[in-house]
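Colleague: Here it is, the structure in full.
The values are calculated or read from the model by the stated rules, or taken from the named source; none is laboratory data. It should be emphasised that the depicted structure is a prediction, and the values quoted were computed from it without experimental measurement. As a convention, Cβ positions derive from the backbone with ideal geometry for all residues, glycine included, and neighbour counts pool all protein chains shown.
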Amino acid sequence: MNHTPLEDQVHDALHRTADPLERHPFTVGDVRTRARRIQRRRAAVAGAAVAAMVAVAVPIGLSTVGPAQRSEVPPATQPPSPTVTGTVIIDPRSAAVIDSVGVPLVDVDSPSLITPERTIQLPKAYETVTPYRDGWMAVANDEGSYTLEVLDADLELVDQVGPTGGVVVSPDGSRVAWSEYDDVQWRVKIAEVAGGPISTYLEFPPSPREHRVAPIGFVSDVEVAATQNHGDGTTSTFIADGDTPTALPGPISARSASPVAGVVAAFISSDIEGSCSAVIDGTSPSGAVAWETCDYALDHFSPDGQHVVGTVASGGEYGSPTLAVLDATSGEVVVDFELVLPRRQVGGVNETNILWEDDDHLVARVWPGGEDSVIVRLGLDGTVQRLGIESAGESGLTMAEVR
Amino acid sequence: MTATLVDMGAHDRRADKDADFSAYMSARQAALYRTAYLLAGDHATAEDLLQNAFAKLYLSWDKVRDREALDGYVRRIMVNENNSLWRRAWKRKEHSTDTMPETGTVDTYDDGMGGALWSFVQTLPPKQRSVIVLRYYEQLSEAEIADTLGISVGTVKSQASRALAGLRARAPQSLNPHGLHPHESGDDAR
């Protein structure tokens, strides 16, 4: 290389800095231990990623065990949330301890469903479970194969529907939608939670099972958005145009929907430099972009549709180091949370294990360094609380729902 | 008997893998640690970057066909991880101070200019810093840097150019051939 004097001096400076460095080397055992930890984190994140596609909710008034926290559309006179200035630190060690949160959790190793009212033993560690008719609708994970099951009130299997991409519930809790595969094609179906006929809402062209369709959420009281991966690494987001699934301009990969605002939050691009997300009209095939950002990965609309969660895309093995709550209409940051970590330890907020408890509070699973995760409750007023419930094993507590 | 043979085979494969991996790690650990240190700027983060990179390499060891590419694989993991850590630090900027980062080791024959330049290198944005470390410490070609960072050669050139411009702007005049003393060459400053 034809170096300038400055380049030569940079070369020299780097060598003078680095060449004398000495340290105690790692052993293969050290590396194996770290590798096992990475494998456990990958498994946890992979499980949570599937849970993210499986949005379920406990309808108001239909369950004695559900948290009944789903919001109605707020009145126009609802006062705005208090403004928080600066970054709010999430430090589980110093956070106030609470004995319950207003969202259902699954204790994976028990396995059990934990709600504010009681704990129910589950026949298996379902990815998600929601009240349906007189019993439950649940998604089982058998080594990466996801199956929809209908259970009675005693959690006995009534119907094994088959392969699924997940379940979503309408905002008022009256309808449930799910995807299923019949060995030929994927369909998205809708039914009244209280009972009645099941209707086919979206019918996709024949495709391999691996081209999985996942309902993302309701974009109105009766309309659902769904994604389908094409088997080539790309994903499209579909809404109904008459009887036909119509892809929003893309490819885009929706992550969350708001029936109040009629929008979806979606990844619109992703490469080695990072990814960009956008809030997009989910009710029209034009898919008009309301706003976009390359600073955050967007997911999890608040029940009232006013806020959306932003995390650092590809934040690392443990999740995002920060969690921002953004104004869903403008993208402005409302509250910025940051997880504090012990020196020399890594952790993060598990991006997909987040639930809105109500319009003003989030519940999230975080890895605060070390081997164990904790559940925290975050308020738009800047409050941070930690759930004091111990899990039965190292798999920890996960969200039973993703709304 | 069959099960025993299978188990023995798996045990042997694990032992072979560990022996191969150990040989590579022993040979390259010290050098790669220095790169990690230059990327990270402190010992704790450098240790973490390197151990994470080795762990991921260990998990992928059986899939790596080209043993000549191992260093590049480790470097790429470290660079990506470090950029991720940097984003985390950037988010923490409200708590930062105006003081320079730790300047690391300055050996006895350094006249101080090297330490100053190292301090300026640490103020570069992470991608520019990665390019500078890979080019002027590892002495990789632009194409090799592009491959390591997953960016185009043109981007490597532009990042390097911006980094050097930034260093010139921050560096003492004696290091700057375009500074106030046009008669003073960089060689004079050494």
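Colleague: Take region A:204-237 and flag every residue that is in a strand (DSSP E or B), more than 16 Å from A:V260 (Cα to Cα) and not aliphatic (A, V, I, L, M). Write out each step before concluding.
Modeller: Looking only at region A:204-237, we keep the residues that are in a strand (DSSP E or B), and these are A:213-218, A:224-229, A:235-237.
Right, trim to more than 16 Å from A:V260 (Cα to Cα) and you get A:213-215, A:226-229, A:235-237.
Within region A:204-237, A:P215, A:T227, A:Q228, A:N229, A:T235, A:S236, A:T237 meet the criteria.
Colleague: Okay, next question. Taking only region A:335-363 into account, find how many residues are surrounded by fewer than 20 Cβ atoms within 10 Å (Cβ to Cβ) and either among the β-branched types (V, I, T) or modelled with pLDDT of 95 or more (or both).
Modeller: The qualifying residues number 1.
Colleague: Here is a check on your reading of the model: is A:T147 of a type in the set (V, I, T), out of contact with any Phe, Trp or Tyr (no Cβ under 8 Å at 6 or more places or on another chain) and closer than 22 Å to A:A247 by Cβ?
Modeller: no
Colleague: If we keep just the residues of region A:97-108 that are closer than 19 Å to A:A400 by Cα, of a type in the set (A, V, I, L, M, F, W, C) and assigned to a strand (DSSP E or B), which is modelled with the highest pLDDT? Give the derivation first.
Modeller: The initial filter retains those residues of region A:97-108 that are closer than 19 Å to A:A400 by Cα, namely A:98-108.
From the residues that got through so far, the ones that are of a type in the set (A, V, I, L, M, F, W, C) too are A:98, A:101, A:103, A:105-106, A:108.
Add one more test, that the residue is assigned to a strand (DSSP E or B), and what stays is A:98, A:105-106.
Details: A:I98: 94, A:L105: 91, A:V106: 91.
So, considering only residues that are closer than 19 Å to A:A400 by Cα, of a type in the set (A, V, I, L, M, F, W, C) and assigned to a strand (DSSP E or B), the one modelled with the highest pLDDT is A:I98.
Colleague: Go through (1) surrounded by 18 or more Cβ atoms within 10 Å (Cβ to Cβ); (2) small (G, A, S); (3) without any contact (Cβ under 8 Å) to a residue 24 or more places away in the chain one by one and return the number of the condition A:S179 breaks.
Modeller: (3)
Colleague: Okay, moving on. Among the candidates A:S71, A:S94, A:S63, which residue alone is away from every other protein chain (no Cβ under 14 Å) and modelled with pLDDT of 65 or more?
Modeller: The match here is A:S94.
Colleague: Sticking with this one: Every residue in region A:368-403 that is of a type in the set (V, I, T) and out of contact with any helix residue (DSSP H, G or I) (no Cβ under 7 Å at 6 or more places or on another chain), please. Quick ask: steps written out before the conclusion?
Modeller: First pass over region A:368-403, keeping only residues of a type in the set (V, I, T): A:374-376, A:383-384, A:389, A:398, A:402.
Passing the criteria: A:V374, A:I375, A:V376, A:T383, A:V384, A:I389.
Colleague: If you check A:S269, A:S286, A:S277, A:S220, which single one turns out to be among the hydroxyl-bearing types (S, T, Y) and surrounded by 19 or more Cβ atoms within 10 Å (Cβ to Cβ)? Let's see the steps before the verdict.
Modeller: On the way: A:S269 fails: surrounded by 19 or more Cβ atoms within 10 Å (Cβ to Cβ); A:S286 fails: surrounded by 19 or more Cβ atoms within 10 Å (Cβ to Cβ); A:S220 fails: surrounded by 19 or more Cβ atoms within 10 Å (Cβ to Cβ).
It is A:S277.
Colleague: Any chance you could count how many residues in region A:362-401 are among the β-branched types (V, I, T) and either within 11 Å of A:L105 (Cα to Cα) or more than 18 Å from the chain's Cα centre (by Cα) (or both)?
Modeller: First, pick out the residues of region A:362-401 that are among the β-branched types (V, I, T): A:363, A:366, A:374-376, A:383-384, A:389, A:398.
Still in the list and also either within 11 Å of A:L105 (Cα to Cα) or more than 18 Å from the chain's Cα centre (by Cα) (or both): A:363, A:375, A:383-384, A:389, A:398.
Qualifying residue count for the region: 6.
Colleague: Please go through region A:137-160 and pick out each residue that is over 20 Å from A:I120 (Cα atoms) and buried (at least 18 other Cβ atoms within 10 Å of the Cβ).
Modeller: A:Y146
Colleague: Could you please find all residues in region A:275-298 being part of a loop (DSSP other than H, G, I, E, B) and either more than 19 Å from the chain's Cα centre (by Cα) or of a type in the set (K, R) (or both)? Break it down into steps so the answer makes sense when it comes.
Modeller: Taking region A:275-298 and keeping what is part of a loop (DSSP other than H, G, I, E, B), we get A:282-288, A:294-296.
Selection gives A:T283, A:S284, A:P285, A:S286, A:G287, A:A288.
Colleague: If you don't mind, another one. Mind telling me which of the residues A:A240, A:A261, A:A254 ends up being part of a strand (DSSP E or B) and modelled with pLDDT of 90 or more?
Modeller: A:A254
Colleague: For region A:243-257, what are the residues that are over 21 Å from A:A328 (Cα atoms) and among the hydrophobic types (A, V, I, L, M, F, W, C)?
Modeller: Of everything in region A:243-257, just one residue is over 21 Å from A:A328 (Cα atoms) and among the hydrophobic types (A, V, I, L, M, F, W, C), namely A:A247.
Colleague: Tally the residues that are over 29 Å from A:A254 (Cβ atoms) and touching a Leu at 6+ places or on another chain (Cβ under 6 Å), restricting the search to region A:354-383.
Modeller: 1
Colleague: Given the criteria over 21 Å from the mean Cα position of the chain (by Cα), surrounded by 18 or more Cβ atoms within 10 Å (Cβ to Cβ), within 14 Å of chain B (Cβ to nearest Cβ) and modelled with pLDDT under 90, does A:L14 qualify?
Modeller: No.
Colleague: Could you check region A:331-360 and list, in sequence order, the residues that are within 15 Å of A:D304 (Cβ to Cβ) and either within 11 Å of another protein chain (Cβ to nearest Cβ) or not in a strand (DSSP E or B) (or both)? Can you show your working first?
Modeller: Taking region A:331-360 as the starting set, the residues that turn out to be within 15 Å of A:D304 (Cβ to Cβ) are A:334, A:355-360.
Across region A:331-360, the qualifying residues are A:D359, A:D360.
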